Structure formats: structure tokens, C-alpha cells
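Contents: one structure, followed by commentary.
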Amino acid sequence: MKPEQDLAGKVVVITGAGRGIGRQIAKGAGERGAMVALVELIRENLDSAVNELVAMGIDARGYLTDISNESEINKNFALIEKDFGQIDCLVNNAMIHDPEDLLATSLELWNRTLAVTLTGSFLAIKATLPGMIRRKKGCIINMGTVNAKAMIGSDSYSVAKAGIHALTRTVAVRYGGDGVRCITVVPGTIATDAWQERVDRNPQIFEKLKPWYPLGRVGTPTDVAELVLFLLSDRSQWISGSEFVVDGGLLAGYAPMFKMVEGSD
Ligand SMILES: NC(=O)c1ccc[n+]([C@@H]2O[C@H](COP(=O)([O-])OP(=O)(O)OC[C@H]3O[C@@H](n4cnc5c(N)ncnc54)[C@H](O)[C@@H]3O)[C@@H](O)[C@H]2O)c1
């Protein structure tokens with residue numbers, strides 16, 4: 001079934017669009033008629049994503065950027081506005097993730113995690129908001145995580161993401177009067193390359209995680225992208241400031257526990 005053209009004419013910027021969830025959102029946005037600016041740190045991933053979108057007939061361009069670097073962000077976001085005319089939607093998706101526990105976390109790792117995962121989103125928002133405020137319209141999606149809602153490891157990453165959840169509320173409330181919507185999407189486990197190190201250590205990891213997911217599986221990039229694409233469209237024009245959980249039921253309860261409690265396990 002062909003997707004609706006409900007993003008036709010919109011310019012959508014996605015950070016960390018070279019692979020995984022960001023790349024899936026980029027493809028989906030393009031299929032729905034958007035012009036897509038892909039922002040990414042790794043040249044190889046950026047080029048391969050842009051080439052894939054262009055081969056699909058999508059108006060897509062790549063911008064090699066470290067989102068933790070303010071001058072790179074400002075330069076490339078100004079270039080995106082020049083290339084496409086404006087920025088209608090921003091998806092703050094790039095992150096780094098290191099699964100160290102608190103005592104094993106060096107100050108350097110802590111600072112780097114916050115710089116990319118939290119500060120990078122702040123910088124991207126700062127570079128994008130003035131144009132949205134001028135046009136009295138814009139949509140910003142911040143990628144959160146279930147780790148910001150409950151302790152599931154990855155300590156510095158979880159703290160950075162909790163900041164992202166707060167940042168959404170700040171933007172939604174402060175700039176709602178300017179026509180800007182801001183929303184947090186909160187995924188559970190999604191099988192992407194971000195998991196590769198953990199898969200190498202434990203090849204059965206996604207199988208082992210299944211019992212925690214009431215719907216019986218971990219997620220896919222498409223599971224998250226479908227929600228993001230709806231939130232980017234004008235079909236969600238009265239939605240702002242909220243957190244949308246896409247987690248196969250994970251946060252609804254402690255799935256392996258209830259049968260033990262009832263004695264049926
Ligand atoms: N995969 C999961 O289980 C999961 C769960 C919850 C939330 N999320 C969130 O979803 C989003 C995407 O996750 P993913 O699994 O696709 O990750 P991923 O690691 O596959 O992709 C992240 C992308 O961001 C890029 N990136 C990293 N640092 C950057 C920087 N400084 N500047 C620009 N780009 C940079 C990477 O090169 C990569 O292409 C993230 O925000 C993540 O926190 C993922």
C-alpha cells in the first residue's frame with residue numbers, strides 16, 4: 001500500500017539519519033512527500049543513506065555534522081535553510097550510547113554522552129526555532145527512551161535522555177504560542193546496529209529480552225518511524241508536549257512477574 005502524501009512540501013531534518021531508526025524515518029518521510037535533510041557524523045553511513053533515498057526518487061541531501069559542535073550545527077542548519085528554503089520539522093534522533101555503569105563511567109564518557117545525546121539536541125533546536133517562530137509553525141520530535149522512565153542500565157545515556165524528555169516540555173510550553181509543537185517519542189528495545197556490541201557479547205540478547213515484552217518481541221525501526229511520521233504530519237496538529245511510548249507494552253508492567261504472583265508460573 002502506498003503511504004499517504006501527508007508530508008508533501010515539508011522540509012524534514014533528521015539527525016543521526018545514516019542508519020537505524022533515523023534512516024527509516026528519513027525514508028518514510030521522503031515516501032510521504034517530504035524533502036529530507038540527513039544530518040550525520042559518519043560519512044560512509046550518510047552517503048549510503050542519501051544514495052538510497054535519492055534512488056527512491058526522494059529529494060534528499062546529506063550534511064556531515066557532529067551535532068555536539070555548535071559551529072558545525074549553525075553552519076549546516078543555515079545551509080539546509082538555504083538549500084530547501086526553510087525547516088518545517090526537526091527530528092532529534094542522533095545519540096551515543098555506552099552501557100557502562102556509574103562507577104565505571106569516566107568523566108570524559110559522561111561529558112561526551114551528555115554533549116551528543118542532550119546538548120546536541122539543544123543546539124539543533126536553537127538553530128531551528130527562529131525560522132519556525134517566524135513562520136508561526138513547526139514540529140520538533142525528540143527521541144527519548146524507556147531508560148528515561150525506569151532503570152534499565154546505560155547510566156549516563158539514561159540521564160542524558162531524561163534531559164531530552166524535560167527539553168520537550170520546555171519547548172512545547174515556551175514556544176507553543178508561536179505555533180511550534182514538540183513531542184517526545186519513547187521507544188523500547190529496537191533491534192538496530194546500536195546493539196551490535198551487546199549482540200556480540202550475547203548473541204541471544206533479543207530472544208532473552210522477549211519475556212519482558214507483552215507483545216512477544218523487541219521492536220523494529222519501522223515500529224518507531226510509523227509513529228514519528230504521524231506526529232510530523234498535520235494529522236497530529238493538536239498534539240504537543242506529550243510523551244508517546246512505543247514499546248510493545250514494556251512499561252505497562254513487569255511482564256515476567258504477574259504469573260509468579262498469581263502462582264501460575
Ligand atoms: N535502538 C534502541 O533500542 C533504542 C531504544 C530507545 C531509544 N532509542 C533512540 O532512538 C534513536 C536512534 O537509535 P538507533 O538505535 O537507530 O541508533 P544508531 O546508533 O543505530 O544510530 C544513531 C546514529 O546517530 C549518529 N551519530 C552519533 N553521534 C553523532 C553526532 N555527534 N552527530 C551526528 N550524528 C551522530 C550515528 O553515527 C548513527 O548513525 C536514538 O535517539 C536512541 O536513543 C533507540
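Summary of values
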quantity: Per residue value of the accessible surface for region 1-76 (all protein chains in place, 1.4 Å probe), Å²; calculated: 45
quantity: Under 13 Å, Cβ to Cβ, from Ala78 - net charge with Lys/Arg +1 and Asp/Glu -1; calculated: -1
quantity: Partners for Lys149 among lysines (Cα-Cα distance below 17 Å; same-chain residues under 8 apart left out); calculated: Lys161
quantity: Lysines with Cα under 16 Å of Lys259, excluding same-chain neighbours fewer than 8 positions away; calculated: Lys210
quantity: Karplus 3J(HN,Hα) series, Hz, for region 144-152 with 6.51 cos²θ - 1.76 cosθ + 1.60 (x for Gly, Pro); calculated: x, 6, 4, 5, 7, 10, 7, 6, 10
quantity: Partners for Lys82 among lysines (Cα-Cα distance below 21 Å; same-chain residues under 8 apart left out); calculated: Lys10, Lys126, Lys136, Lys137
quantity: Förster-model FRET efficiency, 35 Å R0, Asn111 and Thr220, C-beta, rounded to 0.05; calculated: 0.60
quantity: Where region 141-265 is the region considered: accessible area per residue in Å², 1.4 Å probe; calculated: 52
quantity: The chain - percent of accessible surface contributed by carbon and sulfur, probe 1.4 Å; calculated: 55
quantity: Phi to ³J(HN,Hα) by Karplus 6.51 cos²θ - 1.76 cosθ + 1.60 over region 163-176, Hz, x for Gly, Pro; calculated: x, 4, 4, 5, 4, 4, 4, 4, 5, 4, 7, 5, 10, x
quantity: Phi to ³J(HN,Hα) by Karplus 6.51 cos²θ - 1.76 cosθ + 1.60 over region 42-49, Hz, x for Gly, Pro; calculated: 9, 3, 4, 5, 4, 4, 5, 5
quantity: Residues with amide H under 5 Å from that of Ile140, placed H, sequence gap 5 or more; calculated: Leu90, Arg181, Cys182, Ile183
quantity: Two-site FRET efficiency, Arg174 against Asp265, from Cβ-Cβ distance with R₀ of 51 Å, rounded to 0.05; calculated: 0.60
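The values are calculated or read from the model by the stated rules, or taken from the named source; none is laboratory data. Treat the numbers as computed from the prediction; the structure is a model and nothing was measured. Note: ideal-geometry Cβ built from the backbone for every residue, glycine included; neighbour counts use all protein chains shown. Side chains are part of the model used for accessible areas, which takes the heavy atoms of the whole protein and leaves out ligands, DNA and RNA. Shrake-Rupley method; radii C 1.70, N 1.55, O 1.52, S 1.80 Å.
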